[in-house]
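Note sheet for the following structure.
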Amino acid sequence: MRNTIGCDGNADPPLLAIFAALDERTTSEELLARIDRKRVPRHVAIIMDGNGRWAEQHGEHRMMGHANGVTSVREALTAATELGVRYLTLYAFSTENWNRPKEEVDALMDLLVRTMVKELEELRTNGVRLNAIGDLDSLPESCRGTLQQGMDSTAGNDRITLTLALSYSSRWEILRMVSDLVGKVAQGSINASEINERTVGEHLCTAGMPDPELLIRTSGEQRVSNFLLWQIAYAELWFTPVLWPDFRKEHFFRAVLDYQNRERRFGLVSEQVAPK
Ligand code: FPP
């Protein structure tokens, strides 16, 4: 059996498996050193998925999956901050998640509140500005209050903006934007002919933020699930089979390395894209 790299440059399957195994062992420091700091995405969005499956695999209650997911939130935030990412947006609770059993919804809200209370001081002292998008009025009072307190006390920070998408879905956001714009046209404060991509962007929950250049989704699902549909028009999508509670800094670094190895063309031909 051939087990060398052929003259076509392709390695045999056994060698590929060895390379893959060696690559798996690359430490987060080694990965970090490979990242070009001048081409780090400004905004990374993450669909945190697989908490339930993680819990099932570990013979635990679903809530243990969510609770362990908090460690991964910390890892993603640390990795993003170390790289100089300016915006990290996490899909923490979708509009559809309200349809889960009440016990799970209540426990998730409780986990969010406890996590915010516990982590707030660290967010504040590490330059993290807390932000939230979604139908925040639909959240329980305790969650809204804690969130508001967190946003107020970190409002002066500007190292990184951590946005939690809560009771969020892109279709809800787009409907709200359409209704806002229609209302303004009816009042005469805006002309229908003036509506363009910029005006639309200004009426979305993410107004003032750059669009995400990189969208990560864990757990092996390859869908965008009603998340930032307008904003990810040109984002690179990165899917990993890793379940969210197992997500660590090195996964974040690998996603950014893959992003840097892709050619972003924005509908242009290769030659028109500025050299890297
Ligand atoms: C999806 O996994 C995850 C969620 C619906 C909730 C995410 C929440 C956390 C990670 C908790 C802490 C968050 C913050 C921001 C402090 P799933 O339950 O859909 O998993 P499954 O598809 O395997 O069932």
> Which length gain, in nm to one decimal place, applies between residue 185 and residue 124 when the Cα-Cα distance is subtracted from 0.36 nm times their residue separation?
Replying inline: 17.9 nm
> What is the sum of charges around residue 184, taking Lys and Arg as +1, Asp and Glu as -1, for the other residues whose C-beta is under 12 Å from the C-beta of residue 184?
Replying inline: -3
>> Given axes a ≥ b ≥ c from the Cα gyration tensor, I'd like to know whether the range 131-276 is rounded (a/c under 1.5), prolate (a/b larger than b/c) or oblate.
In response: oblate
> How many percent of Cα pairs in the range 1-142 exceed 24 Å?
Replying inline: 50
>> Compute the helix-to-body angle for 249-260: its Cα long axis versus the longest principal axis of the chain, expressed 0 to 90° and rounded to tens.
In response: 80
> Magnitude of the Cβ-charge dipole of the range 106-196, K/R +1 and D/E -1, about the Cα centre, nearest 20 debye?
Replying inline: 160
>> Just want the ordering: 119, 221, from fewest to most Cβ atoms lying within 10 Å of their own Cβ.
In response: 221, 119
>> Which of 235, 92, 155 ends up with the largest GNM mean-square fluctuation for the chain, with Cα atoms connected below 10 Å?
In response: 155
> Using alpha-carbon pairs under 8 Å, 6+ residues apart, how would you state the relative contact order of the range 42-103 in percent?
Replying inline: 47
>> Quick check on the exposure proxy: order 142, 72, 94 from fewest to most C-beta atoms within 10 angstrom.
In response: 142, 94, 72
> Can you put 170, 225 in order, fewest other beta carbons within 10 Å first?
Replying inline: 225, 170
>> What does the charge count around residue 113 come to, taking other residues whose C-beta lies under 13 Å from its C-beta (Lys +1, Arg +1, Asp -1, Glu -1)?
In response: -1
>> Can you compute the helix-only [θ] at 222 nm over the chain? Use -39500 (n - 2.57) per DSSP H run of at least 4 residues, normalise by all residues, nearest 500 deg cm²/dmol.
In response: -14000 deg cm²/dmol
> Spin-label point model (7 Å from Cα, Cβ direction): what's the residue 221 to residue 269 distance in nm?
Replying inline: 4.0
>> Rounded to two decimal places and with Rh computed the Kirkwood way over Cα pairs, what is Rg over Rh for the chain?
In response: 1.01
> Taking one equal scatterer on every alpha-carbon of the range 117-176, how large is log10 of I(q)/I(0) by Debye at q = 0.22, 0.30 1/Å?
Replying inline: -0.86, -1.19
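Every number here is computed from the coordinates shown, using simple stated rules; none is lab data. What you see is a predicted model, and the numbers here were worked out from it, not measured in a lab. Please note: Cβ atoms are built from the backbone with ideal geometry, for glycine as well, and neighbour counts cover all protein chains shown.
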